[in-house]
Amino acid sequence: MGYAWKGWAGWSRSGVAVAILLVYPDLMRAVQAQAIQPPKLGCEVLIAGGGLGGTAAALEALQRQKQVCLTEISDWIGGQVSQQGVSALDESQLQRQLGLFARSYRRFREGVRALTGEENPGQCWVSVLCFSPQAGVQVLEAMLKPYLASGQLVLLRNTVVKDLEVRDAQIQSVTVLTHIPRAQGENRLPLSQVLEDWYDPAPSALFMKQPITLIPSFRRPQGRSWMVIDATETGELLPLAGIPYRLGTERRTRWEPSAKGADPYCTQSFTYTFVLEQTANAQNLAPPEDYDSPFNGPAYSFEQELFSFPAIFTYRRIRGQVPVSLFPAQITMADLRVGDQSMQNWTWGNDWRLSTADTNLVLTQEQLEAQGQLQQWRGGLRPEALARAEAHAYGYYYWLVNGTKDVLLQQRDPSYRKPTYPNYAFLRGVASPMGTEHGLARYPYIREGRRIIGRPSRSYPEGFAIYETDITGQEPTLLFPGRTRLYPDTVGLGGYPIDFHPCIINDQFAPAPDDVTGSPPNPQALYQIPLRALIPQKIDNLLAGAKNIATTHITNASYRVHPVEWAIGAAAGNTAAFVLEQGVLPAALVTGTPAADRLLSALQAQIQAQGNPIRSSQRVPVLCQGCYSRVRRVKE
């Protein structure tokens, strides 16, 4: 069987050639058999990662008429609200009351309500909007559909990043690998069983593979040809590009007073979400394998006396029929109905928290080097950690239905026995909310991955970062004591309590006192997203576009939530489009010179014209533009 391949470069703008490969498996087999060079696909903005940050970045760049390539590791875009199953929006009441969300985020919320026909489909009490992950991905795909139809957007699902070509402090090309299931049911197996296959270029029994080289669609003056945005869930491009980054906890300083010490292995817990549904009949369940191991049966808990089964079930209920009280102690079984569905994401439930040098999920730089992953990238994750987290999630379901032990409540009252709740089914299948045969989310909810270190300056000699005191307002400074920090280079707004899901660094079922980060004061006002937090060291044409911006372990726990990640992505997409139009690099906007200030003001005006707030009238006014360069703030 022969095919005449020609004109890849000419086809690259619309992505037709790649679409042909992905739609016709026989054609892909022919390409693999003939060892034809990978097709080249051109774009102006490449976004790696189709989560909330990546989708938001794509929408903003597309609205600025840029040609965008968006890669997504799974077959669902949307990250938290779909692929990871965390479809209960974490929003601060203040930000919601003031309506200070990115315009496209507001459109998403409106789209979910229009699709479901309900103000809050789940009648949950943790959020004003809880919905099925299926609804989340449908709304996002509808938002991108016009750009896909016109060819302005090329969306590569089931695609991982394999390699980067870096030259002259810029990313020149990116090699990705698309995996196409050989049979229906691509989500039959959980991630731990397929992750390594996805990164292996060799065809397997489960997947066909197609490498694709992504390149700039055309060259601009001085080589400034395209922008790359890392919106992956774990900051995959950072080690591949040689970008300095942080991972895990930091040492305590006056700017980070709640930190417990540097530990690159101790990241926040990650979670495999799932959905259970109330049924008319009892479920006949056998305990999962290893249910009685230390991190399964003995480790689950309602946590506090005020949290009962009905309170936890309605906490993130995604389909509900009866509104419930905002006070969990007042929620009873009478508030639940047959057919109600609940997404489970519970700290003392399906959170996987064991994170040490031998068990951590996100591998450190040293571990990547030891495994040779910088030469042959395999995702930078530990599959064994994924497998243990998957087993832990299945165990949590069994505990909810049949378990009688409660590790915390029985410590306080040895006579306590948890009631059983047999009439609750674990939902599986393509039509289920998670859309997988195994019932777990396609990808775990990653709260914390690699975080860039911003560029050094006299104020930040170790590199820029957003510190705890910057968003808690607890730092007594010369400017506005008790206020969250005002950044002259603000490009977005956020506002959410510092929400820790701490790691465990021993092999017991509960954290030791020194194992977890303390509970810092929570932000009482909105905070800003500075452009400097998106600009990494060493690589000039890359921006961080999700949870990988220059935060600390502590501030990441606030910047990681839905609307803030969206605002980060929106800022990255706007910045990428702006610097391409201006023929400059992002770092040129934050040098503090008059020319830089003019460019920065123009970018901020563009972001606001797109409907994205960057400041709040609730904040005190800035006394001096460029305070970040004039007020020396040397970090310890």
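When the surface is traced with a 1.4 Å probe over the full set of protein chains, TRP352 keeps roughly 10 Å² accessible.
Measuring between alpha carbons in the structure, the pairs from LYS40/LYS162; LYS418/LYS547; LYS209/LYS538; LYS66/LYS162 lying more than 26 angstrom apart are LYS418/LYS547; LYS209/LYS538.
Test of the criteria: in segment 140-242, which chymotrypsin sites (Phe, Trp or Tyr not before Pro) are in a DSSP loop and have at most 14 other Cβ atoms within 10 angstrom of their Cβ?
Working: sites: TYR147, TRP198, TYR199, PHE207, PHE218, TRP226; in loops: PHE218, TRP226.
Those that pass, being in a loop and sparsely packed, are PHE218.
Over segment 402-468, what is the relative contact order in percent, taking alpha-carbon pairs closer than 8 angstrom and at least six residues apart? Walk me through the intermediate numbers first.
Working: 54 pairs, mean separation 10.0, N = 67.
Once divided by the residue count of segment 402-468, the mean separation gives 15 percent.
When the surface is traced with a 1.4 Å probe over the full set of protein chains, SER192 keeps roughly 20 Å² accessible.
Between ILE229 and LEU46, ILE47, ALA48, LEU543, the built amide H atoms are under 5 Å apart, and every one of these is 5 or more places off in sequence or on another chain. Solvent-accessible area of ILE243, all protein chains in place: 10 Å² (probe radius 1.4 Å, heavy atoms, ligands and nucleic acids excluded).
The slack in the chain from SER325 to ALA149, taken as 0.36 nm per residue of separation less the alpha-carbon distance, amounts to 58.9 nm. Short-range pairs are left out: with C-alpha atoms under 8 Å and at least six residues apart, the relative contact order of segment 190-311 is 9 percent. With the simple model of a label 7 Å out from the Cα in the direction of the Cβ, ARG254 to GLN375 spans 4.7 nm.
Which whole-number percent gives the relative contact order of segment 230-388, counting Cα pairs below 8 Å spaced six or more residues apart?
25 percent
The amide H of ARG188, built 1.01 Å from its N in the peptide plane, has GLU437 as neighbours under 5 Å, considering only residues 5 or more places off or on other chains. Extension gain, ASP413-ARG188: 0.36 nm per intervening residue step, less the Cα-Cα distance, totals 76.8 nm. Taking each residue as 0.36 nm, the span from THR279 to ARG167 lengthens on full extension beyond its C-alpha to C-alpha distance by 34.4 nm.
Distance between the C-alpha centres of segment 113-162 and segment 364-440: 25 Å, rounded to the whole angstrom. When you filter the trypsin sites (Lys or Arg not before Pro) in segment 337-434 for DSSP loop state and at most 15 other Cβ atoms inside 10 Å of their Cβ, you are left with ARG337, ARG417. Applying 1/(1 + (r/R0)^6) with R0 = 41 Å to the Cβ-Cβ distance of VAL584 and ALA202 gives a FRET efficiency near 0.45.
Near ILE466, the amide H atoms lying under 5 Å from its own belong to THR551, THR552; only residues 5 or more places off or on other chains count, and H is placed 1.01 Å from N.
The values are calculated or read from the model by the stated rules, or taken from the named source; none is laboratory data. This one's a predicted model, so the numbers in the text were calculated from it and none came from an experiment. Neighbour counts are summed over all protein chains in view; Cβ atoms, including those assigned to glycine, are modelled from backbone coordinates with ideal geometry. SASA here: full protein model, heavy atoms, side chains in, ligands and nucleic acids out. Shrake-Rupley method; radii C 1.70, N 1.55, O 1.52, S 1.80 Å.
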